[in-house]
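One structure is given below, encoded as structure tokens.
The values are calculated or read from the model by the stated rules, or taken from the named source; none is laboratory data. Treat the numbers as computed from the prediction; the structure is a model and nothing was measured. Quick reminder, even Gly has a Cβ in these numbers, built from the backbone with ideal geometry, and neighbours come from all protein chains shown. Only protein heavy atoms, including side chains, enter the accessible area calculation; ligands, DNA and RNA are left aside. Shrake-Rupley method; radii C 1.70, N 1.55, O 1.52, S 1.80 Å.
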Amino acid sequence: MVCQVSSEQADPGARAGRSAELDDLDRRIVEELRRDGRVSMRALAERLHISRANVYTRVERLHRDGVITGYSAVINPERYGYGVSAYVYLKVSQHSWKSVRRRVLEIPEVAHGALVSGENDLVLLVRTRDAQCLRELVLNRLQTIPDVVSSHTVLILDELPSHPT
């Protein structure tokens, strides 16, 4: 089952400050930019069959409203030199997630992190050069952060290709 947010569903959240008010054209713009963040406004307008002025206005509003927060290069981790990827689950002392979060954000090998519910408190996607670097990261840098109670590491054997949602 695919769950998509329609314009009608997005509106109630906008009033609560959680999501911006977006129509179908805004969503198509975002989808195109997620597919190709380097596309020119002219090409984007042509793809969507709208005027360049309309594209510029809408993209500017999407930035201003915080829907689009930036652009980045998507890399192949192995080609970039990260031969080992893993998920590291951390349990932290009660009420200490903010301080642990600050420390984790300083570690360049952390590609993504999330505060989660359940048995663990944080889940990190980490990428390292090799197994020795992963060992050093987990044992000497993550487990030594004050308030980290325990960790659990799961190696990633293969990754599914990501696609815009």
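Near the amide H of V149, within less than 5 Å, lie the amide hydrogens of K91, V92, S93, all on another chain or at least 5 residues away, with H placed in the peptide plane. When peptides 133-140, 115-122 are sorted by average Cβ neighbour count within 10 Å, with the highest value leading, the order is 133-140, 115-122. The residues of the stretch 91-165 present an accessible area of 71 Å² per residue when probed at 1.4 Å with all protein chains retained.
A dipole drawn for the chain from +1 and -1 charges on Cβ atoms has a positive end, and of A73, S19, L125 the residue lying farthest that way is A73.
For GluC sites (Glu not before Pro), the sites in the stretch 51-118 that DSSP calls loop and that have at most 12 other Cβ atoms within 10 Å are E106.
Computed with a 1.4 Å probe over protein heavy atoms only, the accessible area of H63 comes to about 70 Å².
Share of carbon and sulfur in the accessible area of the chain stands at 49%, probe radius 1.4 Å. The eigenvalues of the Cα gyration tensor, multiplied by 5 and square-rooted, give the stretch 50-110 an equivalent ellipsoid with semi-axes of 35, 21, 8 Å from largest to smallest.
Loop-located chymotrypsin sites (Phe, Trp or Tyr not before Pro) across the stretch 68-165 with a Cβ neighbour count of 16 or fewer within 10 Å are Y71, with loop assigned by DSSP.
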